[in-house]
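Undergrad: Have a look at the structure that comes next, please.
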Amino acid sequence: MIIMIKKMLIANRGEIAVRIIRACKEMGIKTVAIYSTADASSLHVELADQSVCVGGPKAKDSYLNMSNILSAACLTGCDAIHPGFGFLSENSKFARLVNKCGLVFVGPNPEAIDMMGNKNEARKIMIENKVPVVPGSKGIIESVADGLKVSEEIGYPVLIKASNGGGGKGMRVATSKDNFEDAFYTAKAEAKANFGDDEVYIEKLLNNPKHIEVQILADKFGNVLHLFERDCSLQRRKQKLIEEAPCFSLRNDIKEQMYADAIKACKAVKYDSVGTIEFLYDTTTKKYYFIEMNTRIQVEHPITEMITNVDIVKNQIRVAEGLELSLKQEDIKQNGYAMECRINAEDIDKDFAPSPGKITFLHTPGGKGIRIDGSVYTNYEIPPFYDSMILKLIVFAPTRLECIRKMRAALEELIIEGVKTNIEYHYMILHNPVFISGNYNIGFIENFAKEIQDRDKYISK
Ligand code: ADP
């Protein structure tokens, strides 16, 4: 059944809400923004055709408040809800409720969310479908004795991971049987506190692999396409900081296998939307392993849009309407290089503590190949309640080196005053020889941290 969406509620805030509103405007779809009392003067509220306040500043009272969001959608006559990322985007209960209200959920079917949302379940499905997973436990680890047995078999160090974890939370390393118990209970406690349940499983801790992910585009007719890969190895505390596409240092034959496995993984759960299959790649053994699927649009989707010229959000909306993908795999070509720096309002000298407050001056770069996905403006007051990412600086150039040069120039031109940001931190990474080589891995920042601590020596007094 095809439902042409005429009015969309965007159940999110910040830059992704703005990104979705822009796509809707281009498609002739009216938009309804939701906001918390702390977000009344946000850009997404300003840009939408209508807006509804759905609750107080805390996410649980507003952006996670399902009944208020659904009421807002029904009362404003919306026929669809786009969840963006974070908040309710991977919540199958919400997706089902949206459908029950007779609205379109712009995302995959709830069964696919269920199958891929629980990382331990997803692992099992991958094993059944012969997609490689990181060596680890067959299922949930119920006791310390269980965990010790599995860890002995696969060999230390091991990583204890929350089945419902996300954002790098609920993960603990055990380096030997002596610290296993501690790590096990800490991971469980963190999982319980953040995700409401304390199920954990075990994976072998890979030695500084690369994080490579494949962007997927699928529809309700069983068509599943890939939009190539992104290298998201540049992470701080398991959170991505800089992403690039394509990956510079991976052999083409390995990439092709990854695309095929990513498509196989999606077909296994009858996936029918935009999504991402995440892999870790061991540069020594040249093997890759599935770690999880994100069943939603991702922060770093613009770099894929830059190299493929495909608008991922518009396609996501079209397939949610029930339309068949108009693209075929052979139509999707990649060209050039793209990078994204996540600009956060945080104080790098205070252990990256969030730095909310008023932006007293903002100047953004521009020109060929520069894209800014943001939600801030001069005199905007960043509230302290949400994620500290305020802007994404995305650049595109024919070659990787030109891309790096363009990003450096763009970072030089970007001025944000009034709050602390990580612009300078990005600038220094963009000059690091290991980063420039493309051969960096998820351990990069640990070494770089030492370099940045010494940065005073580069500054003349
Ligand atoms: P989350 O859902 O919390 O983001 P992921 O499973 O996607 O968790 O992992 C996040 C990051 O943690 C990865 O990009 C990688 O840096 C690290 N990581 C996860 N699993 C392993 C592993 N088995 N070995 C080494 N690092 C890992």
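The values are calculated or read from the model by the stated rules, or taken from the named source; none is laboratory data. Treat the numbers as computed from the prediction; the structure is a model and nothing was measured. As a convention, Cβ positions derive from the backbone with ideal geometry for all residues, glycine included, and neighbour counts pool all protein chains shown. For the accessible areas, the whole protein counts, side chains as well, though only heavy atoms, and no ligand, DNA or RNA atoms are used. Shrake-Rupley method; radii C 1.70, N 1.55, O 1.52, S 1.80 Å.
Undergrad: Taking the Cα centre of the chain as the origin, how large is its charge dipole in debye, to the nearest 20, when only Lys and Arg (+1) and Asp and Glu (-1) carry charge on their Cβ atoms?
TA: With only Lys, Arg, Asp and Glu charged at Cβ, the dipole is about 440 debye.
Undergrad: What accessible area per residue comes out for the chain, rounded to a whole number of Å², with a 1.4 Å probe?
TA: Counting only protein heavy atoms, the per-residue value for the chain is 42 Å².
Undergrad: Compute the relative contact order of region 326-436 as a whole-number percentage, counting only Cα pairs closer than 8 Å that sit 6 or more residues apart in sequence.
TA: It comes to 36 percent, rounded to a whole number.
Undergrad: Here's something else I'd like to know. Given the options Tyr156, Val224, Ile254, identify the residue whose Cα lies farthest towards the positive end of the charge dipole of the chain (+1 on Cβ of Lys, Arg; -1 on Cβ of Asp, Glu).
TA: The Cα lying farthest towards the positive end belongs to Val224.
Undergrad: Excluding ligands and nucleic acids, what accessible area in Å² is computed for Arg251 using a 1.4 Å probe, to the nearest 10?
TA: About 120 Å², ignoring ligands and nucleic acids.
Undergrad: Between Ala353 and Tyr185, 0.36 nm times their residue separation minus their Cα-Cα distance comes to what?
TA: Full extension of this stretch gives 57.8 nm more.
Undergrad: Considering only protein heavy atoms, with the full assembly of protein chains and a 1.4 angstrom probe, order Thr421, Thr295, Thr186 by accessible area, largest first.
TA: Thr186, Thr421, Thr295
Undergrad: Would you check region 1-84 for Lys pairs whose C-alpha atoms are within less than 18 Å, ignoring same-chain pairs closer than 8 in sequence, and give me the count?
TA: Working: Lys6/Lys25; Lys6/Lys30; Lys7/Lys25; Lys7/Lys30.
Close lysine pairs found across region 1-84: 4.
Undergrad: What is the chain's relative contact order, in percent, from Cα pairs under 8 angstrom and six or more apart in sequence?
TA: 14 percent.
Undergrad: Using helices alone, what [θ] at 222 nm do you get for the chain, with -39,500 (n - 2.57) per DSSP H run of 4 or more residues, divided over all residues and rounded to the nearest 500?
TA: Rounded to the nearest 500, the figure is -10000 deg cm²/dmol.
Undergrad: Compare the Cα positions of Met66, Asn207, Val310 along the charge dipole of the chain (+1 at Cβ of Lys, Arg; -1 at Cβ of Asp, Glu; about the Cα centre) and return the one farthest towards the positive end.
TA: With unit charges placed on the Cβ atoms, the residue in question is Val310.
Undergrad: If I stretch the segment between Asn379 and Ala193 completely, what's the gain in nm (0.36 nm per residue apart, minus their alpha carbon distance), one decimal?
TA: Gain on extension, Asn379 to Ala193, equals 63.4 nm.
Undergrad: Work out how much length Thr399 to Lys25 would gain on full extension: take 0.36 nm times their residue separation and subtract the Cα-Cα distance, in nm to one decimal.
TA: 131.4 nm
Undergrad: Each label point is 7 Å from the Cα along the Cα-to-Cβ direction; what then is the distance between the points at Lys450 and Ile140, in nm?
TA: Those two pseudo-labels are separated by 4.2 nm.
Undergrad: Now for a separate question. How do Glu15, Glu128 stack up against each other in accessible area, from largest to smallest, with a 1.4 angstrom probe?
TA: The ordering from most to least exposed comes out as Glu128, Glu15.
Undergrad: Let me check against my output: what whole-number percent is the relative contact order of region 156-298, with C-alpha pairs under 8 Å and at least 6 apart?
TA: 21
Undergrad: Give me the accessible area of Asp349, 1.4 Å probe, in Å² rounded to the nearest 10.
TA: Using a 1.4 Å probe on the heavy atoms, I get roughly 110 Å².
Undergrad: With a point put 7 Å past each Cα toward its Cβ, work out how far Ile254 is from Leu327 in nm, to one decimal.
TA: Placing both labels 7 Å beyond Cα along the Cβ direction yields 2.5 nm.
Undergrad: First obtain the Kirkwood hydrodynamic radius of the chain from its Cα pairs, then insert it into the Stokes-Einstein equation at 25 °C and 0.890 mPa s, and state the resulting D in µm² per second as a whole number. Kindly include the intermediate steps, with their values, before the conclusion.
TA: Working: Rh = 22.9 Å.
Answer from the Stokes-Einstein relation: 107 µm²/s.
Undergrad: In terms of solvent-accessible area of protein heavy atoms at a 1.4 angstrom probe, what is the ranking of Phe385, Phe94, highest value first?
TA: Phe385, Phe94
Undergrad: Under DSSP H, which helices of the chain have Cα atoms covering 18 Å or more of the helix axis and a Kyte-Doolittle average no less than -0.5?
TA: TM-like helix candidates: 14-27, 180-195.
Undergrad: Round to a whole angstrom and tell me the spacing of the C-alpha centers of region 16-92 and region 392-448.
TA: With region 16-92 and region 392-448 each reduced to a Cα centre, they are spaced 32 Å.
Undergrad: Determine the percent antiparallel among the DSSP beta bridges restricted to the chain, to the nearest 5.
TA: Here the antiparallel bridges make up roughly 80 percent for the chain.
Undergrad: Under 5 Å between amide hydrogens, which residues at least 5 positions from Ile390 or on another chain qualify, with H placed 1.01 Å from N in the peptide plane?
TA: Ile343, Asn344, Ala345
Undergrad: To continue, here is another question. How do 105-117, 351-363 rank on mean C-beta neighbours within 10 Å, highest first?
TA: Top to bottom by mean Cβ count within 10 Å: 105-117, 351-363.
Undergrad: Dipole magnitude of region 328-438 about its Cα centre, charges +1 at Lys/Arg Cβ and -1 at Asp/Glu Cβ only, in debye to the nearest 20?
TA: Charge dipole of region 328-438: 420 debye, to the nearest 20.
Undergrad: Give the lysines reachable from Lys350 as a straight Cα distance under 23 Å; neighbours fewer than 8 places away on the same chain don't count.
TA: Within the straight-line limit of under 23 Å, Lys350 reaches these lysines: Lys169, Lys238, Lys240, Lys358, Lys392, Lys420, Lys450, Lys457, Lys461.
Undergrad: Oh, and also: Along the charge dipole of region 362-461, Cβ charges K/R +1 and D/E -1, which of Ile372, Pro383, His431 sits furthest on the positive end?
TA: Highest projection toward the positive end goes to His431.
Undergrad: Given R₀ = 45 Å, FRET efficiency for Lys124-Ile415 by Cβ-Cβ distance, to 0.05? Don't jump to the answer; show the numbers that get you there.
TA: Numbers: r = 49 Å, r/R0 = 1.10.
Taking R0 as 45 Å, the efficiency between Lys124 and Ile415 is 0.35.
Undergrad: Quick check: at a probe of 1.4 Å, how many percent of the accessible area of the chain sits on carbon and sulfur atoms?
TA: Taking all protein chains in place, the chain shows 51 percent carbon and sulfur surface.
Undergrad: For a quick protection proxy, order the peptides 312-321, 50-59 by their average other-Cβ count within 10 Å, most packed first.
TA: The peptides rank, most packed first, as 312-321, 50-59.
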